[in-house]
Amino acid sequence: MSTATISSLLSTTGLPLTSSSFASHLDSLPLNHQTGLTSTRDLYEIPTRKEMGAEGGDAASPAIYMAGNSLGLLPKETKVLINEELDVWGSRAVLGHFSHPQSRPWKSIDETVTPSLASIVGAASSSEVACTSTLTSNLHNLFVTFYQPEKEGKRKKILMEGKAFPSDQYAVQSHLDLHGLSLEEGLIELDPREGEGTLRTEDVLRAIEEQGEEIALVWFSGVQYYSGQVFDLEAITKAGQAKGCIVGFDLAHAVGNVTLKLHDWGVDFAVWCHYKYLNAGPGAVAGLFVHSKWEDQTTRPRLSGWWGHAPSTRFSMPSTFQPIPGAQGYQHSNPPLLSLIPLIASLNTIDLAGGFPALRERSKLLTGYLLALLKSSPRLKEGGFSVITPLGENEGFDGNGDGVEARGAQLSLRFEGVKEGERGGRERMKRVFEGLVRKGVMGDEREPEVIRFAPIPLYTTFEEVRMVAVYLEEVLQEEEDEEEKTRRS
Ligand SMILES: *Cc1c(COP(=O)(O)O)cnc(C)c1O
């Protein structure tokens, strides 16, 4: 596997960092080392500049899509597969559950994806994962089993990030409610230190060390949605379990983005969605993981449904629930066919790319390149914006140093207000975001003052990454000119 970094490639090629010849050299490198394939971009529909709201230029040429962390692009094969399913539904109707011309009988359609999902999240086998329901519903589902505050004892609390994704905050609060606990009694939230943008692992571990005996559940995200920080899931898991806590993760921004080894790390349970880095489309069916150590658990409560019942007797309709051992025992309903099919198409493109490890290598280079370009911009130093995604302590300018495992594809740029009394950070962020859209770059804005850029190894080119930096520089220059004008008048 290639271990090239941006700095090693700069020195072997002798090309300048900001040159288009360096970008095209990077684009010519093999993605799949077995087949030599350099890109899977052609397998995706890329929206045009016009469709993304760009002004001027060639309206029909592709926009630069940097929001794949929020909603991944459409794999072209999806339309073919969906049409095949519509034909089967039309022609075979109920028989399609059991007999299917493309060997995808609907009753076990999830088996077309669970082996790949198991490999992407680092499960020991398919029986540790289920492809079912939606992220927040899976969270509720597994919390019923894995969040059991002690009635008599003092282990009642949930430890989580202070600025977790809102759905997680609402869901957690509702489980405290369900157990009759106030926020005070049931919640510990951790925030970054004063003046810092991300939470230090040492601070998470200290909280667990100091308060672990009161914590029933440690609940974190894998990749923080706002900052792009990758949490040290292995360290958090080990620390939590050493104190007797259950440890679970929301992997919405981690799955298909960073390397996960849920089984080896001993993670108790996890949930995720498939419409971000796994390109399965808006609201697609989601995923959950339950570690094999819980495979046969019967002592904890669970919310049951017929699709969690052993398939061998499911259709003889017994009145007593007999769970499938492992993660699939937590399924409720038969799988939503039309929201699962795009996931098959997306996973097929990952196979063609040479599997997830090949993509992660490409992702490190793409994001390392973006970071190197941003760092070469004088505006990063002059305070126009800062990158709040962890860069690593001893990291070289190329973005491939120690910090590279502390972030995934996404870089979060925070815009600061300029000069006392003038434009604030939020207003500047909005204006920069809109300026980029006009130039054909679809970033991903998050209130109050962040724009997220996520180059996606399945379909983003190095040349596009280079142009993001060029356009950002232009937009910031226009902003500055505008501010100068207002100041004068
Ligand atoms: C995207 C995201 C969600 C979305 O939840 P849904 O139930 O899929 O709507 C939840 N949590 C996190 C951390 C997310 O990033």
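The values are calculated or read from the model by the stated rules, or taken from the named source; none is laboratory data. Predicted, not measured: the structure shown is a model, and the values here were computed from it. Here the Cβ is made from the backbone with ideal geometry for all residues, glycine too, and neighbour counts use every protein chain on show. Note: accessible area is taken over every heavy atom of the protein model, side chains too, but ligands, DNA and RNA are not part of it. Shrake-Rupley method; radii C 1.70, N 1.55, O 1.52, S 1.80 Å.
Numbers below:
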{"item": "Residue among G162, G180 that alone is small (G, A, S) and in contact with a strand residue (DSSP E or B) (Cβ under 6 Å, 6 or more places away or on another chain)", "result": "G162"}
{"item": "Count - residues of region 54-70 that are open to solvent by less than 50 Å² (accessible area, probe 1.4 Å) and away from the ligand (no atom under 16 Å from the Cβ)", "result": "7"}
{"item": "Search result, residues across region 71-81 that are open to solvent by less than 40 Å² (accessible area, probe 1.4 Å) and either free of Cβ contacts under 8 Å to residues at least 12 places away in the same chain or within 16 Å of the ligand (Cβ to nearest atom) (or both)", "result": "G72"}
{"item": "Condition broken by K107, with the remaining ones in (1) in a loop (DSSP other than H, G, I, E, B); (2) surrounded by 14 or more Cβ atoms within 10 Å (Cβ to Cβ) satisfied", "result": "(1)"}
{"item": "Residue satisfying all of: in region 138-160; buried (at least 22 other Cβ atoms within 10 Å of the Cβ) and near the ligand (Cβ under 10 Å from one of its atoms); nearest to Q229 (Cα to Cα) among these", "result": "L139"}
{"item": "Residue within region 239-261 that is touching a Lys or Arg at 6+ places or on another chain (Cβ under 8 Å) and of a type in the set (S, T, Y) present", "result": "yes"}
{"item": "Residue in region 433-453 that is open to solvent by less than 10 Å² (accessible area, probe 1.4 Å), touching a residue at least 60 places away in the same chain (Cβ under 8 Å) and part of a helix (DSSP H, G or I) present", "result": "no"}
{"item": "Exclusive hit being within 16 Å of the ligand (Cβ to nearest atom), in the same structural domain as V271 (by TED's automatic domain parsing) and under 22 Å from A252 (Cα atoms), set D191, D168", "result": "D168"}
{"item": "Count - residues of region 202-223 that are touching a residue at least 12 places away in the same chain (Cβ under 8 Å) and over 17 Å from D250 (Cα atoms)", "result": "10"}
{"item": "Among the candidates V129, V113, V121, residue that is modelled with pLDDT of 95 or more, crowded, with 16+ Cβ neighbours inside 10 Å, of a type in the set (A, V, I, L, M, F, W, C) and within 16 Å of the ligand (Cβ to nearest atom)", "result": "V121"}
{"item": "Residue check for S174: within 13 Å of the ligand (Cβ to nearest atom) and either part of a helix (DSSP H, G or I) or under 20 Å from S304 (Cα atoms) (or both)", "result": "no"}
